[in-house]
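One structure below.
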Amino acid sequence: MNLNCRAVSWKSITVAFVIGVSALTLPLFAESNRSGAGRWDVAVEEVDGGGVRLAPEFQVAIYENLVDELVKTRQFSRVLRTGDRALNDDPALLRLKTTVESYTPGSETKRAVTTVAGATKLKVRAQLCTSDGKVVFETVVDGNVRFFGGNLRATHNLARNVASRIKLLALPEPTPSTIESQ
């Protein structure tokens, strides 16, 4: 019986050692496999209403949700806000420009009563641009609330959709010309 206990304890120690070494080296491998996006910073610019009659709280909510969702992606070294002092001396900066293309106001009451009416819908054009204005990525994204939730929930869904599309990008490495132009 003592022999089995010793064998189990050595097996346990060996398994624990392998798991420990794997846990320590896994972040190193994950970091080395990341695309060049880790070197980029992103500045979220104020949301452009695009001529659409959009309540100010929706513009602010889109902006704040974009910042939060981009941080969650871990796609960029830093997520900055318009007006941040770090923007001036950042050699590898992308700017996220968001323009509202359409907005359909909804009704929480109608959504609660029926499933076919009351949806809040947003559609935006999102662009990632370099400091010199070159568009690296452009997409049109929807965000909406169809069933349950407040009207501003559409802004959260929209920001999550934008961030998930950006996360799929394989961004190019910042070039020396990008860094020298700063």
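The values are calculated or read from the model by the stated rules, or taken from the named source; none is laboratory data. What you see is a predicted model, and the numbers here were worked out from it, not measured in a lab. A quick note on method: Cβ atoms are made from the backbone with ideal geometry, for glycine too, and the neighbour counts reach across all protein chains shown.
Which ones in segment 141-172 are hydrophobic (A, V, I, L, M, F, W, C), over 19 Å from V42 (Cβ atoms) and in contact with a strand residue (DSSP E or B) (Cβ under 9 Å, 6 or more places away or on another chain)? Break it down into steps so the answer makes sense when it comes.
Filtering segment 141-172 for residues hydrophobic (A, V, I, L, M, F, W, C) gives 141, 145, 147-148, 152, 154, 158-159, 162-163, 166, 168-171.
Applying the additional criterion that residues be over 19 Å from V42 (Cβ atoms) yields 145, 147-148, 152, 154.
Within segment 141-172, V145, L152, A154 qualify.
Just a yes or no: is a residue in segment 36-47 within 24 Å of K121 (Cα to Cα), modelled with pLDDT of 90 or more and over 19 Å from the mean Cα position of the chain (by Cα)?
Taking segment 36-47 first, the residues within 24 Å of K121 (Cα to Cα) are 44-47.
Filter again for modelled with pLDDT of 90 or more, leaving 44-47.
Narrowing further to those that are over 19 Å from the mean Cα position of the chain (by Cα): none.
The answer is no; no qualifying residue exists.
Within segment 47-67, can you find the residues that are in a helix (DSSP H, G or I) and either surrounded by 15 or more Cβ atoms within 10 Å (Cβ to Cβ) or touching a Leu at 6+ places or on another chain (Cβ under 6 Å) (or both)?
Taking segment 47-67 first, the residues in a helix (DSSP H, G or I) are 56-67.
Passing the criteria: F58, Q59, A61, I62, Y63, E64, N65, L66, V67.
I'd like to know if segment 112-120 contains one or more residues that are under 24 Å from the mean Cα position of the chain (by Cα) and in contact (Cβ under 8 Å) with a residue 60 or more places away in the chain.
no
Filtering segment 68-87 down to residues that are among the hydrophobic types (A, V, I, L, M, F, W, C), surrounded by fewer than 18 Cβ atoms within 10 Å (Cβ to Cβ) and more than 12 Å from the chain's Cα centre (by Cα), which residue is nearest to C129 (Cα to Cα)?
Of all residues in segment 68-87, those among the hydrophobic types (A, V, I, L, M, F, W, C) come to 70-71, 76, 79-80, 86-87.
Next cut, surrounded by fewer than 18 Cβ atoms within 10 Å (Cβ to Cβ) only: 71, 86-87.
From what's left, more than 12 Å from the chain's Cα centre (by Cα): 86-87.
Values: A86: 17, L87: 14 Å.
Residue satisfying both the conditions and the ranking: L87.
Among V141, V135, which is aliphatic (A, V, I, L, M) and touching a residue at least 24 places away in the same chain (Cβ under 8 Å)?
Working: V135 fails: touching a residue at least 24 places away in the same chain (Cβ under 8 Å).
Result: V141 is the single residue among V141, V135 that is aliphatic (A, V, I, L, M) and touching a residue at least 24 places away in the same chain (Cβ under 8 Å).
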